[in-house]
1. Percent relative contact order of the chain, based on C-alpha pairs within less than 8 angstrom and at least six residues apart?
2. State the Kirkwood hydrodynamic radius of region 110-186 in Å, one decimal place, computed from all pairs of distinct Cα atoms.
3. Which Rg and Dmax, in Å, describe the Cα atoms of region 47-127?
4. Three principal axis extents, largest first, for the C-alpha atoms of the chain, in Å?
5. Roughly how many nanometres apart are two label points built 7 Å out from the Cα toward the Cβ at VAL31 and TYR3?
6. Compute all pairwise cysteine Cβ distances in the chain, then list the cysteines with no distance under 4.7 Å to another cysteine.
7. Show log10 I(q)/I(0) for region 83-137 at q = 0.15, 0.20 Å⁻¹, two decimals, from a solvent-free Debye sum over equal Cα scatterers.
8. Could you work out the mean projected area of the convex hull around the alpha carbons of region 43-90, in square nanometres to one decimal?
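The values are calculated or read from the model by the stated rules, or taken from the named source; none is laboratory data. All of these numbers come straight from a predicted model, not from anything done at the bench. Ideal geometry is used to build each Cβ from the backbone, glycine not excepted, and the neighbour counts take in all protein chains shown. Ligands, DNA and RNA are excluded from the accessible area calculation, which covers all protein heavy atoms including side chains. Shrake-Rupley method; radii C 1.70, N 1.55, O 1.52, S 1.80 Å.
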Amino acid sequence: GTYYATQVLNGCESATRTAVTVTITKTPAPVLDEDEQTLCEIANPTVGDLNTGGGADVVWYADATGGTPLAETTALVDGIYYASQTLNGCESATRTAVTVTITKTPAPTLDEEDQTFCEIDQPTVGDLNTAGGTDVVWYTAAAGGTALDPADALADGTYYAAQVVGGCESATRTEVTVTITKTPAPTIGNTSP
């Protein structure tokens, strides 16, 4: 609308007024591509991982109104987050609610947590029994590390199994003890006539 301004100098107000047109920019809340977002626990998702497709300069909040914007490094948990957007320098007064679900895939419950192989068979990671798990991935460490290739040779020791369900790998792993049985060659006595 239009507002009118006067000024006061030496105790006297101006008889005329200056017209000022005021425009209130009403930035709409973003219409995001996904109002429900699912992320994997193992990825340690943060606010910076949220999909902002459909919005411009999206800012995330923990509350529908007020509050402080969340840092991109803020860890996500199950719940509702609120997105505003900024257009032409104006942030939206309303926010879009987004439901966040963190998928927590459990470690596999394998049928065999102690597995024994014969050395002569030259066992590999691909020979490990994965019954009880889904899309099992093997590691040599309880956390971190690189997944083993199914063609990698097995050795005596401890291996760790994760499973992938719905595209999310388990953050915890099941410990499996591997034993390679080394049968010695026979000792044969002198057979000469």
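1. Normalised by residue count, the contact order of the chain is 18 percent.
2. When all Cα pairs of region 110-186 are included, the Kirkwood radius is 13.0 Å.
3. Cα-based Rg and Dmax for region 47-127 come out at 22.9, 72 Å.
4. 138, 30, 21
5. It works out to 3.2 nm between the two label points.
6. Lone cysteines by the Cβ rule: CYS12, CYS90, CYS118.
7. -0.63, -0.86
8. Mean projected area for region 43-90: 3.7 nm², to one decimal.
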